[in-house]
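Please read the structure below before turning to the comments.
The values are calculated or read from the model by the stated rules, or taken from the named source; none is laboratory data. From a predicted model like this one, the values you see are computed outputs, not experimental measurements. Note that we place each Cβ from the backbone using ideal geometry, even for glycine, and neighbour counts take in every protein chain shown. The protein model used for the area step is the full one, side chains on, heavy atoms only, and it has no ligands, DNA or RNA in it. Shrake-Rupley method; radii C 1.70, N 1.55, O 1.52, S 1.80 Å.
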Amino acid sequence: QVQLVESGGGLVQAGGSLNLSCVASGSIFSLSDMGWYRRAPGKQRDLVALITRADIRHYADSVKGRFTISRDNAKNTAYLQMNSLKPEDTAVYYCYCAARRSFLGTVSDYWGQGTQVTVSS
């Protein structure tokens with residue numbers, strides 16, 4: 001199996017910053033995309049940011065210019081630096097990765113358990 005463990009969530013005032021981390025471990029042959037999704041109360045889970053193994057990055061329009069996604073392939077770790085946080089960024093943030101568990105295996109999706117980010121006004 002592949003496990004994703006997030007850290008770095010918490011409570012912050014509007015305008016503040018948080019840095020989320022996600023470490024992938026377990027039976028991993030190769031990691032491709034890594035990313036972050038979020039689910040606000042009463043809403044569906046939406047993409048926040050995605051980064052490919054080649055370092056191509058995609059962002060939701062709502063976070064462009066404020067959030068930065070990065071990764072360390074040697075450590076199987078993804079990061080999300082969140083600046084200028086707003087109350088509407090309040091959500092549970094989930095780490096995501098696409099991984100192959102063997103040379104001939106298929107690519108599957110994996111999710112972390114989520115970390116709460118709360119931004120007070």
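Accessible surface computed residue by residue for the chain, with neighbouring protein chains in place and a 1.4 Å probe, gives 53 Å² per residue.
Rg/Rh for the chain (Cα atoms only, Rh after Kirkwood) is 0.98.
Name the residue, out of 42, 105, 15, whose mean-square fluctuation peaks in a Gaussian network model built on the chain with Cα pairs under 10 Å. Taking springs between Cα atoms under 10 Å, the residue moving most is 42. Each listed q (0.19, 0.25, 0.27 Å⁻¹) maps to a log10 I(q)/I(0) for segment 54-121, found by the Debye formula over equal Cα scatterers with no solvent: -0.92, -1.31, -1.40.
Just add up the charged neighbours of residue 22: K/R +1, D/E -1, any other residue whose Cβ is under 10 Å from the Cβ of residue 22. Can you show the working numbers first?
Values: positive: 71; negative: 6.
Overall, the nearby charge balance is 0.
Out of segment 84-121, which chymotrypsin sites (Phe, Trp or Tyr not before Pro) are coil in DSSP terms and have no more than 13 other C-beta atoms within 10 Å?
Numbers: sites: 93, 94, 96, 103, 110, 111; in loops: 103.
Taking segment 84-121 and a limit of 13 other Cβ atoms within 10 Å, the loop chymotrypsin sites (Phe, Trp or Tyr not before Pro) found are 103.
So for the chain: antiparallel DSSP bridges make up what percent, rounded to the nearest 5?
90 percent
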